[in-house]
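Data block below; observations after.
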Amino acid sequence: MTEPVVIDKGEGGMERARVAGPRGEAEIYLQGAHVTRWQPRGAAKPVLFVASRAVYAPGKAIRGGVPLIFPWFGPHATDTSKPMHGFARSRPWRVTATDSAPDGSVAIELGLDADAATHAVWPHPFRARYRVTAGDTLVMALEVVNTGAAPFTFEAALHTYLTVSDVNTVGVRGLENTPFIDKVDGFTRKRHGSVPLTLTGETDRVFLGTRAACVVDDPGLRRRLTVDKTGSASTVVWNPWAAKCAAMADMGPDDWRSMICVETANAADDAVTVAPGARHEMTATIRAEAL
Ligand code: TA6
């Protein structure tokens, strides 16, 4: 029988965990606790998108899969010399637990605790645990504990890159009538209409105050991808489109056509404040079904 969890060297010699069970497989790089692959049994096409020119190197976030964004989303609010999207996605995490469940899924938990390096850019004591369960669904659960004596406020995102047949032809349901910040239009605040979201150009929208699941219907792959969530009040939808994509060194020129990011987040107005000794958990559950 295959070992449910194997730690080996992946792309670029980077440490990764390969998780395999009767219901599905996954791959997680220890740097950034970065899920790069999930394949439920029977799925023909990858569910998670990874860029054709993704770079696997120490300190560099992998372009694709599910980058784990913490403790701030986007540029740092007051100090742009600090890393975009926080530090968690480029830090080494350690494996803290693994187990197999009777339903055929396999789980791995990874941990990141505050240290001098994190304190230097974000002066708060914390403990983060990230549990990834691969089976018929992919479940990702990020727990943040405030181990200090003062409250702190953070943003976080599971910055999921989904594979689609053609981004021009997919629709996203679940964001109808939801307010959003349009980062492509000067951070203007708007409200989405009562129709599924379709993309016709560069899109970078932070939807606020929404706890709804998002459903991506992909006629080209005759596939429906559902991103359900808990503990998350924001959803981010992103595609760089052609021009921005061409300017990104770790994306192939046409990569933008076959990806859409549907991100489970707490960002901007939805940032989370945790009291001393308290914890917060955010989960995303991805499901792939025939359309
Ligand atoms: O989630 C969307 C976004 O915040 C965009 O603004 C874009 O910058 C994207 O993330 C990718 O960011 P990255 O730092 O990975 O290049």
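The values are calculated or read from the model by the stated rules, or taken from the named source; none is laboratory data. Model, not experiment: these values are computed from the prediction. Using ideal geometry, Cβ is built from the backbone for each residue, glycine included, and neighbour counts are taken over all protein chains shown. Quick note on the areas: whole protein, heavy atoms, side chains included, nothing else; ligands and nucleic acids left out. Shrake-Rupley method; radii C 1.70, N 1.55, O 1.52, S 1.80 Å.
Extending 7 Å from Cα along the Cβ direction at Glu202 and again at Arg94 yields two label points whose distance is 4.2 nm. Using a probe of 1.4 angstrom and keeping all protein chains present, the accessible surface of the stretch 171-232 works out to 47 square angstrom per residue.
Protein heavy-atom surface of the chain, 1.4 angstrom probe: 52% of the accessible area is carbon and sulfur, with nucleic acids and ligands not counted.
Computed log10 I(q)/I(0) for the stretch 1-152 at 0.08, 0.09, 0.17 Å⁻¹: -0.24, -0.30, -0.98, from the Debye equation with unit scatterers placed on every C-alpha and solvent omitted. For the pair Thr80 and Asp269, a Förster radius of 22 Å applied to the C-beta separation gives a FRET efficiency near 0.60, rounded to the nearest 0.05.
Loop-resident chymotrypsin sites (Phe, Trp or Tyr not before Pro) (DSSP state other than H, G, I, E or B) in the stretch 183-240 with no more than 11 further Cβ atoms inside 10 Å of their Cβ: Phe187. With q set to 0.07, 0.14, 0.16 Å⁻¹, the log10 of I(q)/I(0) for the chain, from the Debye formula over equal scatterers at the Cα positions, is -0.24, -1.04, -1.39. Taking the inverse of the mean 1/r over every pair of distinct Cα atoms in the stretch 149-192 gives a Kirkwood hydrodynamic radius of 14.0 Å.
The aspartates and glutamates within cross-link reach of Lys9, meaning a Cα-to-Cα straight distance under 13 Å and a gap of 8 or more places when in the same chain, are Glu27. Extents of the stretch 118-245, largest first, come to 50, 40, 29 Å (Cα atoms, principal axes, whole angstrom). Here, P(r) means the percent of Cα pairs in each 10 Å bin from 0 to the largest distance; for the stretch 118-187 it is 12, 29, 32, 23, 4.
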